[in-house]
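To keep things clear, I will list the structure first and then write my remarks on it.
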Amino acid sequence: MSNDLVSIIMPSYNCGRFVRETIESVMAQTYSNWELLFVDDCSTDDTETIVRSFDDPRIHYYKNEHNSGAAVSRNRALREAKGHWIAFLDSDDLWLPEKLEKQIHFMEENGYRFSYHQYDEID
C-alpha cells in the first residue's frame with residue numbers, strides 16, 4: 001500500500017462539545033500520513049480554543065471571515081488541500097482507528113478513485 005498524503009476536510013460551527021473527541025479519532029488513525037484542514041465557520045463557542053490546543057503540525061486551522069455554511073467551508077479546505085486523497089469528516093463524527101488504512105487499501109487494490117462507506121449513528 002502506498003503512503004500518499006490524505007487531506008481530511010472538516011468544516012465546523014459551534015462544535016466545541018464534540019470536536020476534541022473527533023480530532024482524537026483522526027490522531028488515532030493507523031494510517032498516519034494525513035493533514036487535517038479544519039475550517040471554523042465563525043463559531044461563537046470554544047471551538048477555536050480546543051482545536052488550537054492540539055500540538056500537531058498536521059492540523060491546520062482556518063476561520064471564515066463570515067458565517068458561510070458547510071459547503072463554502074469545505075471548498076475553502078479543498079483549496080488548501082495538498083493530499084493525493086481527500087476524506088470528509090464532520091466535526092461531530094468519529095472514525096475507527098483503521099478507517100483510513102482500510103479504505104485506502106480497498107481503493108488502491110480495486111483501482112478506485114472514489115469510495116463511500118456506510119456509517120452508524122450514535123445517540
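The values are calculated or read from the model by the stated rules, or taken from the named source; none is laboratory data. Quick caveat, the model's predicted, so the values are computed rather than measured. As a convention, Cβ positions derive from the backbone with ideal geometry for all residues, glycine included, and neighbour counts pool all protein chains shown. With ligands, DNA and RNA removed, areas are computed over all heavy atoms of the protein, side chains included. Shrake-Rupley method; radii C 1.70, N 1.55, O 1.52, S 1.80 Å.
Quick notes
- Glu121 falls short on exactly one of the conditions (1) modelled with pLDDT of 95 or more; (2) over 21 Å from Phe38 (Cβ atoms); (3) loosely packed, with under 14 Cβ neighbours inside 10 Å, and that condition is (1).
- Val51 being at pLDDT 95 or above, surrounded by 14 or more Cβ atoms within 10 Å (Cβ to Cβ) and in contact with a Phe, Trp or Tyr (Cβ under 6 Å, 6 or more places away or on another chain): yes
- Complete set of residues in region 13-40 that are in contact (Cβ under 8 Å) with a residue 60 or more places away in the chain, of a type in the set (A, V, I, L, M) and open to solvent by 50 Å² or more (accessible area, probe 1.4 Å): Ala28
- Applying the set (1) touching a residue at least 12 places away in the same chain (Cβ under 8 Å); (2) within 15 Å of the chain's Cα centre (by Cα) to Asn64 leaves exactly one unmet item: (2).
Matching residues to (1) assigned to a loop (DSSP other than H, G, I, E, B); (2) within 27 Å of Asp45 (Cβ to Cβ); (3) in contact with a Gly (Cβ under 6 Å, 6 or more places away or on another chain); (4) open to solvent by 90 Å² or more (accessible area, probe 1.4 Å):
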residue	(1), (2), (3), (4)
Asp56	yes, yes, no, no
Tyr62	no, yes, no, no
Arg74	no, yes, no, no
Arg79	no, yes, no, yes
Phe106	no, no, no, yes
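- When Trp95 is tested against the conditions (1) of a type in the set (A, V, I, L, M, F, W, C); (2) open to solvent by 10 Å² or more (accessible area, probe 1.4 Å); (3) outside any loop (DSSP other than H, G, I, E, B), the lone failure is (3).
- Annotation note: of Arg79, Arg58, the sole residue that is in contact with a Leu (Cβ under 7 Å, 6 or more places away or on another chain) and either at negative phi or not aromatic (Phe, Trp, Tyr) (or both) is Arg58.
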